[in-house]
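A quick write-up on the structure given underneath.
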Amino acid sequence: MIAPDWFREDRLPHIYCAGCGNGTVINCTLAAVEEMGWKRNETVFVSGIGCSSRAPGYILADSLHTTHGRALAFATGVKLARPDLNVVVFTGDGDLAAIGGNHFIHACRRNMDMTVICMNNQIYGMTGGQGSPTTPQGAFSTTTPYGSSEPAFDLAELAVAAGANYVARWTSYHVKELTKAITTGMQTPGFAFIEVRTQCPTNFGRHNKLRQIPDMIEYLRGHAMHVKKYDRLLEEGKPIPEGTFTVGELARRNRPAMGVRR
Ligand code: SF4
């Protein structure tokens with residue numbers, strides 16, 4: 001196991017379904033924390049509500065499991081009161097982009113010094129599979145039984161546009177790349193946003209003919225395209241397959257940030 005000093009074995013068995021991608025994201029995050037050499041008494045994990053937001057419960061450090069959509073508001077308070085602390089936020093697509101959407105864009109705009117990891121499973125997992133702001137157009141959920149008619153939010157592009165200093169996107173298949181991206185986000189002063197497309201076989205897969213766990217992982221891997229290749233295809237006017245999303249580093253810049261340790 002990676003980072004045994006940070007993982008709360010006493011909380012096992014965990015609540016996640018078999019094949020859920022969230023455990024991989026926790027593992028990558030703790031590997032990054034170890035790489036950073038952070039101390040437990042200087043690090044706080046904050047989350048909202050949802051499957052992703054149960055993650056801090058498995059980590060041996062102070063944490064806040066807050067109200068739905070408000071993780072970034074609580075994390076902002078922690079950072080402003082104690083800029084000396086390392087703040088990591090776990091959130092999901094429903095938590096971050098629906099009820100928490102306003103907090104998201106304003107935390108990016110303020111460029112709050114924190115690392116935000118969004119486990120984007122493209123559905124409300126914990127409450128039974130309702131469509132979220134990132135459910136792909138045409139995808140099935142309990143609230144879109146004929147296929148979603150709405151376009152989905154691109155969370156990483158939203159963070160780039162709103163001003164975050166560091167933005168990257170990977171999937172739960174890309175373990176090494178994801179760990180590196182989280183580490184780079186932690187090293188970058190200001191708002192670091194890492195979107196992780198994760199598999200939810202129970203609620204996304206079940207409704208979209210991807211019930212088997214390898215099918216879901218292959219679905220993520222098969223639709224991911226490195227941003228450099230994507231840009232090259234665009235430049236050359238070549239077709240980009242439907243459902244493709246970019247992975248890689250989407251922004252790294254040095255805008256003035258709030259809550260940075262002095
Ligand atoms: Fe994971 Fe989906 Fe199960 Fe939630 S419902 S624990 S996201 S597989």
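Throughout, read-outs are computed from the coordinates displayed, never taken from laboratory work. Keep in mind the model is a prediction, meaning the values are calculated, not measured. All Cβ positions, glycine included, derive from the backbone under ideal geometry; neighbour counts span all protein chains shown.
I need the shape label for the range 112-262. Rule: rounded when a/c is under 1.5, else prolate if a/b > b/c, else oblate, with a, b, c from the alpha carbon gyration tensor. It is prolate, given that a/c is not under 1.5 and a/b is the larger ratio. Length available on full extension from ARG261 to HIS223: 0.36 nm per residue minus the Cα-Cα distance, which gives 9.8 nm. Across the range 76-114, the residues whose backbone nitrogen lies under 13 Å from the label position 7 Å along the beta-carbon direction of GLU42 are 83-87. Averaging the Cα positions of each part gives two centres, and for the range 52-83 and the range 201-262 these lie 26 Å apart. With 23 Å as the limit on Cα-Cα distance, the pairs of LYS176/LYS209; LYS39/LYS180; LYS39/LYS79; LYS180/LYS238 that go past it are LYS176/LYS209; LYS180/LYS238. Comparing VAL87, VAL175, VAL33 in a Gaussian network model of the chain (Cα springs below 10 Å), the most mobile by mean-square fluctuation is VAL175. Distance from the C-alpha centroid of the range 130-190 to that of the range 15-42: 18 Å, rounded to the whole angstrom. Maximal additional length on extending the ILE99-ILE2 stretch stands at 31.6 nm, based on 0.36 nm per residue less the C-alpha distance. Note on the chain: dipole from Cβ charges, positive end direction compared against SER172, PHE74, PRO256; the farthest Cα belongs to PRO256.
Quick one: net charge around ASN27, please, counting Lys, Arg +1 and Asp, Glu -1 for every other residue with C-beta under 12 Å from its C-beta. Before the final figure, lay out the partial values.
Values: positive: LYS176; negative: GLU34.
Cβ neighbours under 12 Å give a net charge of 0.
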